[in-house]
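Novice: Supplied in structure tokens, the structure appears directly below.
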Amino acid sequence: MQERGGRNVQSKRQPKVHTYSKKRRRKVRPGRAILSIGFTFLVAGVIGVVGYSVAKPILQYSGAEHSQTQPEETLSSAAAETALPEESASAAVTETTAASVQTQTEDGYVLPVSALESKQALQAAAVSAREKMPDGKLLVIPLKVSGGEVWYQTSASLAKSCGAAKGSMTLSEIVDTVTQQGWTPAAQLSLLWDNLLPDADAAAGYRVTDGSRWLDNTKENGGKAWASPFSTVTVQYLTEITGEVSRAGFSQIWCKDAVFPDFRESDLNYIGESVQNPERNAALVQLVNQLAQTAGNVPLWVEVDAADAAEGTAEVFQPDTLHVSGVVLDLAENAAQAKTLLPQIKTKAGDLPLCLTADAGADLQELKAASQDGNGVFLSAT
């Protein structure tokens, strides 16, 4: 019943009544009924088989997708369980960094090159170093020394051709011998004070404007060539040496003699712009940074004269652009000046770790007192 215009109006539509005429009804015989039922079951069976055949791959595919999704959820859960909380992760990084710095600034002793003449000489030198530095941890071994000699069995062909290869022991023998004496081995490499490399390949040294080799004195007075940081031959050679050492098991690498020769004014004019450029120190920094990259996970330190660093004349000492693990300050025989020099250098060094080295006759306690901040202290027999 619907309401229109405020009146109740009864629908005129009447419900349909379905009637079945007797004429339309068919009489079904029993035999045909049985046949019909059998045919129905047969059709149903066929449909069932076909349906299952079609449905099974679909179900398997659906199940496979589900099973592939499940491990991802499990992996995510496992990752969530093993991930460190943010504060814990920060603490772990801090502890690792602190441990690294502590290892790099431990005390030690620098051996003379004579210690590498034989295995017996190295063993004796390690024992002697322990007497002079009872609490020392690091034993610094001069593998490439000022002048250019290489005191281990190197594979560098240029070292052999220029007569630099002098050592009889392999790097692994050196590491094992020192380790057996209770020391942690560190390597020392002289870089550019190399008078032998330019003899094997003149392109490794400095050239004057007429194309001839530059020597630090006349031939009659024993003048020698020096390795140049502008030379690709020099850079490749030092990279090869650093690579050998970094793979041998040394805990650190100290690079010394990252310097230019003591040029005279006339030398600067003869050689030209490369050494006259006020920003020539960039070549030294670039060389050291490349060697640090070659060393990989092995910390690489650069050694500078402490007095020069304080005065600002140590050209490689550029804390803003140096990418090294730290700086070794060589006091040589001026250990008494440590208290005066160190504060000046720290101001310039910023966050770069520092350690001190002085001649073996220096007062060890005086050096440690000057160090104050836990900078490593080394006595040197060289």
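Novice: Return only the number of the condition from (1) of a type outside the set (S, T, N, Q); (2) under 29 Å from the mean Cα position of the chain (by Cα); (3) within 19 Å of residue 245 (Cα to Cα) that residue 182 does not satisfy.
Specialist: Residue 182 satisfies every listed condition except (3).
Novice: Take the conditions touching a Cys at 6+ places or on another chain (Cβ under 8 Å), on the phi < 0 side of the Ramachandran plot and buried (at least 21 other Cβ atoms within 10 Å of the Cβ) and apply them to residue 138. Does it pass?
Specialist: Numbers: touching a Cys at 6+ places or on another chain (Cβ under 8 Å): no; on the phi < 0 side of the Ramachandran plot: yes; buried (at least 21 other Cβ atoms within 10 Å of the Cβ): yes.
Criteria not met by residue 138.
Novice: When you scan the stretch 262-277, do you find a residue that is modelled with pLDDT of 95 or more and touching a strand residue (DSSP E or B) at 6+ places or on another chain (Cβ under 6 Å), even just one?
Specialist: No, there is no match, as no residue in the stretch 262-277 is modelled with pLDDT of 95 or more and touching a strand residue (DSSP E or B) at 6+ places or on another chain (Cβ under 6 Å).
Novice: From the list 322, 342, which one is assigned by TED's automatic domain parsing to the domain that holds residue 206, farther than 19 Å from residue 251 by Cβ, at pLDDT 95 or above and not small (Gly, Ala, Ser)? Don't jump to the end; show me each part of the working.
Specialist: Values: 342 fails: at pLDDT 95 or above.
Residue meeting the stated conditions: 322.
Novice: In the stretch 304-333, what residues are out of contact with any Lys or Arg (no Cβ under 8 Å at 6 or more places or on another chain), of a type in the set (Gly, Ala, Ser) and surrounded by fewer than 18 Cβ atoms within 10 Å (Cβ to Cβ)?
Specialist: Listed by number, the list holds a single entry, 332.
Novice: I've got another one for you. Quick one: which of 234, 294 is assigned by TED's automatic domain parsing to the domain that holds residue 174, β-branched (Val, Ile, Thr), buried (at least 22 other Cβ atoms within 10 Å of the Cβ) and in a helix (DSSP H, G or I)?
Specialist: Step by step, each of 234, 294 is checked, and only 234 is assigned by TED's automatic domain parsing to the domain that holds residue 174, β-branched (Val, Ile, Thr), buried (at least 22 other Cβ atoms within 10 Å of the Cβ) and in a helix (DSSP H, G or I).
The values are calculated or read from the model by the stated rules, or taken from the named source; none is laboratory data. The model shown is predicted, which means the values in this text are computed figures rather than measured ones. Note: ideal-geometry Cβ built from the backbone for every residue, glycine included; neighbour counts use all protein chains shown.
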